[in-house]
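Asks: Here it is: the structure, laid out below.
The values are calculated or read from the model by the stated rules, or taken from the named source; none is laboratory data. Predicted model, so just to flag it, every value in this text is computed and none were measured. Cβ placement follows ideal geometry from the backbone for every residue including glycine, while neighbour counts extend to all protein chains displayed. Accessible surface is based on the protein model in full, side chains and every heavy atom, while ligands, DNA and RNA are left aside. Shrake-Rupley method; radii C 1.70, N 1.55, O 1.52, S 1.80 Å.
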Amino acid sequence: MELLRLDELSHGLANLSMFPCFDVAHYVVSIMALREQPGALEVSRVSPLACWFSSMLFCFGGAVLSGIMLAEPPVAPLSNSTNILLASLTWYLVFYCPMDLVYCCAAMLPLRLLLSGMKEVTRTWKVLGGVAQAHGKYKDSLLVMVANGWAKGAGGGLLRNFEQLVRGVWKPETNELLKMSYPTKVTLMGAVLFALQHTHYLPLKKRHLMLIYTVFTVVNKSRMMLTGSTSSPFAAIESAVYKTLFAGHAPYRALPSDGNKACVDNGTTSTKEFSKNGEAGSPDGAQGRPPKEEAEPGETDTASCKKND
Amino acid sequence: MELLRLDELSHGLANLSMFPCFDVAHYVVSIMALREQPGALEVSRVSPLACWFSSMLFCFGGAVLSGIMLAEPPVAPLSNSTNILLASLTWYLVFYCPMDLVYCCAAMLPLRLLLSGMKEVTRTWKVLGGVAQAHGKYKDSLLVMVANGWAKGAGGGLLRNFEQLVRGVWKPETNELLKMSYPTKVTLMGAVLFALQHTHYLPLKKRHLMLIYTVFTVVNKSRMMLTGSTSSPFAAIESAVYKTLFAGHAPYRALPSDGNKACVDNGTTSTKEFSKNGEAGSPDGAQGRPPKEEAEPGETDTASCKKND
Amino acid sequence: MELLRLDELSHGLANLSMFPCFDVAHYVVSIMALREQPGALEVSRVSPLACWFSSMLFCFGGAVLSGIMLAEPPVAPLSNSTNILLASLTWYLVFYCPMDLVYCCAAMLPLRLLLSGMKEVTRTWKVLGGVAQAHGKYKDSLLVMVANGWAKGAGGGLLRNFEQLVRGVWKPETNELLKMSYPTKVTLMGAVLFALQHTHYLPLKKRHLMLIYTVFTVVNKSRMMLTGSTSSPFAAIESAVYKTLFAGHAPYRALPSDGNKACVDNGTTSTKEFSKNGEAGSPDGAQGRPPKEEAEPGETDTASCKKND
């Protein structure tokens, strides 16, 4: 009986239309996230056009990135007049509403929770759409399906550096590949699952996977908002994978230059302290790698670069 | 009689060929503008290839940007060998002519005025071409027509950050969306008008609109060059629109951090003085917005961020 | 007899398959070059995904750039699963092999020499492929063929700024157009030769040109690796061309501002010392150009900007 109910629920979800309520929720939450970026309010007062353009990138970034990747017109979202009008109206109300009514109401926790949950539902649709679109062009390529599903669902985040450039902000030291945020991670996971399902490697019906994935993302998002926690549900798995495959996720400490010997004399070596905050080292620091030692997590001093004889 | 003459004139303008004289004028003026950029002469001595590439972006940036937007090959301008040869010859003469003859002659006011006027005429053709091209792909989408017309006519300016990157210059704090120059504004206006005319919202014949728009741009450009003025003819309209819709274009001043309270505790807030020069604030400044107050032009002190109970 | 042998050799070369050995050699050498970039090892420990993405850009950058230029999907390399798997395996072994075996073995001079030679052979194939692909789209355009051949063969280098951005590094002051490295130069030369041959301007059979070009690149690369020299074989030709056409490749020195007079009062001029290291000057330095003087190599003082009456 329970399973029948879930099956009906999955049917209902699969037939749900994102337009207009879920789409509007996605616009509201995205544009509020933009507004809370440092400097975004100033940009809205200095140049409404730049602010509008940024907002459209937040709302439709996935479609733009997917278009770039598949050589389809990145302006295609602009041709969908109804959605653009809705998004522009949302942008105007969030940034310029008299007495700031819309932002303050939407920012109240109950309503924000509801809107964020609805936005998570649209994520499922986007990833699914991206995977199907890629399957149409590259029938057998799992990687392209994952890439396009990921782009469609998390394009706004992946394009973050360039969206910031529109607002006059440039932060090259970080991006979503170097330091992946939770939404981008969960979208990548969804893209992999939906691609595996689409190519029948994952023996699940599509609507069942949609239901499972949507419930997972909505529940996690709500939990994180209610508890104020930023701990990712993937932390344990990531840690295990890193330790097994990638010699641990520990910070890697450089050594004084006399201790650094590359295993042959053909790499440029210099020392640079590598901070623990997930940012890449400066452009002029490189590490020598001793031939017979793995980098061990936590090991920092000269030992890790001594050549073992 | 007057109207008949104007109609004939509009016919003549509509049938005028841009090649070769008007195109060459556009190349000369564009490349002279590049040469007057800080650092461009050094680049011409260090790397003629980078200088040539920049010049081609100045000359054909509109076609490149339009190609990127509509998923057509951005290298298409390179296939038009005659135009590329003319542009390259112009580049060579402007930068490397013995005794700098070409630059100094073209920079004399009477000749520069004539060439700039002819360049303004090519602007009409580019915007029109962009609007028509977009109409061919997206029949009903006004926004795509405006975007493509704008890109075709002002692509060089819109791509400015990346053209500067070719020359080793990187100025992320400003771009044409944040601080629109006069050519970009007038091109946007033209794109809107031609798109409205193309979709029959504007009850004007195409050649009449071409004549009106061309006369407007040529006359304004000449006036600005002769008077040395930089005041835009749109200043009054912009100011009115801003005050009505976007709560004024006044500088927005940040407050000491203890005065900054967002209306809910979920935005990052810090203080940063926001300068009046139209540049976006630094990446780490954000403003709290009190729930019941509009940002009033000129109001700077703590009052604007007090929470009203 | 000698000629017959060479002809047979050229036949053999033309029918040689790059997959899998030559392709793998290209991946190994490319990813080792990435690893030797400052900061790359840290990125590999912080974010294997960013490291993998960078490696794919090093390996397939040419196909990506060519796709962007010709409006074909830049993700197309991802659809070639076998090559992506090989490249990913190479990436994993070069960065994460226990005891760093793979990197240290491949870095030993004899093996590195062999792998680099094999990579040079793949260069010929890429340039040729790029020229043929462009010829398919733009039958008569020599420039597009050169551009696409160049992009396919040297795309990794041309995209260097953006590959660095993936790793959190941003160096706008230099790029391959401003300061071309040897691989990029030799690829450009190859693209020009193959384009001329393809359009029958160069009276050589394709397989003969392939043989000549491949032998040239392999021999030069080996010479440079064995002698440790960085002197380009093109230095003399470049110097002659510069002196003839581009008023010399000498450093260009700015002057004190009172000495700087543009030949008309319409350029912004300021002074900035332009260093000799081939980098473009800072954004706020421009040079006045006296109307009757060429910039002479070595001439630095006020004389070069005096207005001659």
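Asks: Two-decimal Rg/Rh of region A:193-245 from alpha-carbon positions, Kirkwood Rh? Don't jump to the answer; show the numbers that get you there.
Replies: Details: Rg = 14.3 Å, Rh = 13.1 Å.
In region A:193-245, Rg relative to Rh is 1.09.
Asks: Counting only protein heavy atoms and a 1.4 Å probe, tell me what percentage of region A:42-149's accessible area is made up of carbon and sulfur. Walk me through the numbers before you get to the answer.
Replies: Values: 2820 of 3670 Å².
Taking all protein chains in place, region A:42-149 shows 77 percent carbon and sulfur surface.
Asks: Where does each of B:Ser54, A:Ser222, B:Ser81 land when they are ordered by accessible area, with a 1.4 Å probe and the largest first? Present the calculation step by step, with values, prior to reporting the outcome.
Replies: Details: B:Ser54 0, A:Ser222 30, B:Ser81 50 Å².
Largest accessible area first, the residues go B:Ser81, A:Ser222, B:Ser54.
Asks: Which whole-Hz couplings ³J(HN,Hα) result when phi for each residue of region B:61-69 is put into the Karplus expression 6.51 cos²θ - 1.76 cosθ + 1.60, θ = phi - 60°, listed in order with x for Gly and Pro?
Replies: After applying 6.51 cos²θ - 1.76 cosθ + 1.60, I find x, x, 5, 5, 5, 4, x, 4, 5 Hz.
Asks: Give the residues of region A:193-230 whose amide nitrogen is closer than 11 Å to a point set 7 Å from the Cα of A:Leu6 in the direction of its Cβ.
Replies: A:208-209, A:211-213
Asks: Using protein chains only (no ligands, no nucleic acids) and a 1.4 Å probe, work out which residues of region B:224-247 have their accessible area cut by at least 30 Å² relative to the chain alone.
Replies: B:Tyr242, B:Leu245, B:Phe246
Asks: Taking each residue of B:137-148 in turn, how many C-beta atoms of other protein chains fall within 10 Å of its C-beta, and what is the average?
Replies: Numbers: counts 4, 6, 1, 2, 7, 3, 9, 9, 2, 1, 3, 3.
Mean partner shielding for this stretch: 4.
Asks: Per residue, how much space in cubic angstrom lies within the convex hull of the C-alpha atoms of region C:140-214?
Replies: Working: hull volume 7.0 nm³, N = 75.
So the per-residue Cα hull volume is 94 Å³.
Asks: Note the buried accessible area between B and C here, summed over both chains, with a 1.4 Å probe, in Å² to the nearest 100.
Replies: Working: alone 17410 and 17370 Å², together 31090 Å².
Interface between B and C: roughly 3700 Å².
Asks: State the residue of chain C whose Cβ is nearest the axis carrying C onto B, and the distance in whole angstrom.
Replies: In chain C, the Cβ lying nearest the symmetry axis toward B is C:Ala71, 3.
Asks: For C:Arg207, C:Arg167, write out the residues from largest to smallest accessible area, computed with a 1.4 angstrom probe and no ligands counted.
Replies: Numbers: C:Arg207 50, C:Arg167 5 Å².
The ranking, largest first, comes out as C:Arg207, C:Arg167.
Asks: Round to a whole angstrom and tell me the spacing of the C-alpha centers of region B:123-139 and region B:1-58.
Replies: Each part's Cα centre sits 19 Å from the other's.
Asks: Using θ = phi - 60° and the Karplus relation 6.51 cos²θ - 1.76 cosθ + 1.60, list the HN-Hα couplings for region C:192-209 in order, rounded to whole Hz, with x at every Gly or Pro.
Replies: Ordered by residue, 3J(HN,Hα) equals 4, 4, 5, 5, 5, 5, 5, 9, 6, 6, 9, x, 9, 6, 4, 5, 5, 4 Hz.
Asks: Go through B:134-144, B:28-38, A:101-111, C:146-156 and give me the packing order, highest mean Cβ count within 10 Å leading. Numbers along the way, then the final one.
Replies: Details: B:134-144: 19.2, B:28-38: 22.0, A:101-111: 15.5, C:146-156: 27.7.
Ranked from most to least packed, the peptides come out as C:146-156, B:28-38, B:134-144, A:101-111.
Asks: Let me ask something else. What's the Cα-based Rg to Rh of region A:1-155, Rh via Kirkwood? Intermediate values should be presented prior to the final figure.
Replies: Values: Rg = 17.2 Å, Rh = 16.8 Å.
Across region A:1-155, the Cα-based Rg/Rh ratio is 1.02.
Asks: Note the distances from C:Ser222 to each other copy's matching label point, with points 7 Å along the Cα-to-beta-carbon direction, in nm, sorted shortest first.
Replies: Result, one decimal in nm: 6.9, 7.0.
Asks: Still on this structure: With a bin width of 5 angstrom, please list the P(r) values of region A:112-255 as percents of all Cα-Cα pairs, from the 0 bin to the one holding the largest distance.
Replies: 2, 9, 15, 18, 19, 17, 12, 5, 2, 1, 0
Asks: While we're on this one: Tell me, what is the FRET efficiency for C:Ala33 and A:Leu245 to the nearest 0.05, using R0 = 22 angstrom and their Cβ-Cβ distance as r?
Replies: Values: r = 23 Å, r/R0 = 1.04.
Efficiency at R0 = 22 Å is approximately 0.45.
Asks: Measuring nothing but label to label, 7 Å from Cα along Cα→Cβ, what are A:Asp7's distances to the other copies in nm, shortest first?
Replies: 7.4, 7.4
Asks: Can you give the local net charge around C:Thr122? Use residues other than it whose beta-carbon is closer than 13 angstrom to its beta-carbon, Lys and Arg +1, Asp and Glu -1.
Replies: Values: positive: C:Lys119, C:Arg123, C:Lys126, C:Lys152, C:Lys221; negative: C:Asp23, C:Glu120.
That works out to +3.
Asks: Just to compare against my own numbers: the Cα pair-distance distribution for region A:26-118, 10 Å bins, whole % per bin, please.
Replies: 17, 46, 30, 7, 0
Asks: Between A:Met108 and the same site in the other copies, what are the distances in nm, shortest first, taking label points 7 Å from Cα along the C-beta direction?
Replies: Output for A:Met108: 7.3, 7.3 nm, nearest copy listed first.
Asks: Next question, about the same structure. What number comes out for accessible area per residue over region A:170-218 if the probe is 1.4 Å? Units Å², please. The partial results should precede the final answer.
Replies: Values: 2210 Å² over 49 residues.
Heavy-atom SASA per residue in region A:170-218 reads 45 Å².
Asks: Pop the C-beta distance of B:Lys206 and A:Leu16 into the FRET formula with R0 = 35 Å and round what comes out to the nearest 0.05. Working shown, then result.
Replies: Details: r = 45 Å, r/R0 = 1.29.
In this case the efficiency is close to 0.20.
Asks: Not counting ligands, DNA or RNA, and with a 1.4 Å probe, what is A:Glu8's accessible surface area in Å² rounded to the nearest 10?
Replies: 130
Asks: Give me a comma-separated list of calculated 3J(HN,Hα) values for region A:24-38, in order, Karplus coefficients 6.51, -1.76, 1.60 applied at θ = phi - 60°, integers in Hz, x for any Gly or Pro.
Replies: 5, 4, 4, 5, 4, 5, 4, 6, 5, 5, 4, 4, 7, 5, x
Asks: Roughly how many nanometres apart are two label points built 7 Å out from the Cα toward the Cβ at C:Leu89 and A:Ser181?
Replies: Between C:Leu89 and A:Ser181, the label points sit 3.8 nm apart.
Asks: A further question on this structure: Could you tell me which of rounded, prolate or oblate describes region A:124-181, using a ≥ b ≥ c as the square roots of the eigenvalues of the alpha-carbon gyration tensor, with rounded for a/c under 1.5 and, failing that, prolate when a/b is larger than b/c and oblate otherwise? Mind showing how you got there, number by number?
Replies: Details: a/c = 2.90, a/b = 2.41, b/c = 1.20.
In terms of gyration-tensor shape, prolate.
Asks: Let me ask another. Percent relative contact order of region B:48-167, based on C-alpha pairs within less than 8 angstrom and at least six residues apart? Spell out each step's value before the answer.
Replies: Values: 114 pairs, mean separation 45.8, N = 120.
Once normalised by length, the contact order is 38 percent.
Asks: Enter the accessible area per residue of region B:87-150 (Å², integer; probe 1.4 Å; all protein chains in place). List each step's numbers first, then the result.
Replies: Numbers: 2420 Å² over 64 residues.
That works out to 38 Å² per residue.
Asks: Measure up A:Lys152/A:Lys185; C:Lys119/C:Lys179; C:Lys119/C:Lys185; C:Lys126/C:Lys206; C:Lys119/C:Lys152; C:Lys126/C:Lys185 against 18 Å on the Cα-Cα distance and list the ones that go over. Please list the in-between numbers first.
Replies: Numbers: A:Lys152/A:Lys185 13 Å; C:Lys119/C:Lys179 22 Å; C:Lys119/C:Lys185 16 Å; C:Lys126/C:Lys206 14 Å; C:Lys119/C:Lys152 14 Å; C:Lys126/C:Lys185 15 Å.
In this structure, C:Lys119/C:Lys179 lie more than 18 Å apart at Cα.
Asks: Next question, about the same structure. Note down the accessible area of B:Leu245, probe 1.4 Å, to the nearest 10 Å².
Replies: Here the residue's solvent-accessible area equals roughly 80 Å².
Asks: Counting only other chains, and only Cβ atoms inside 10 Å, what mean value do you get across the residues of C:161-167?
Replies: Details: counts 4, 0, 0, 3, 5, 6, 8.
Shielding by partners across C:161-167 averages 4.
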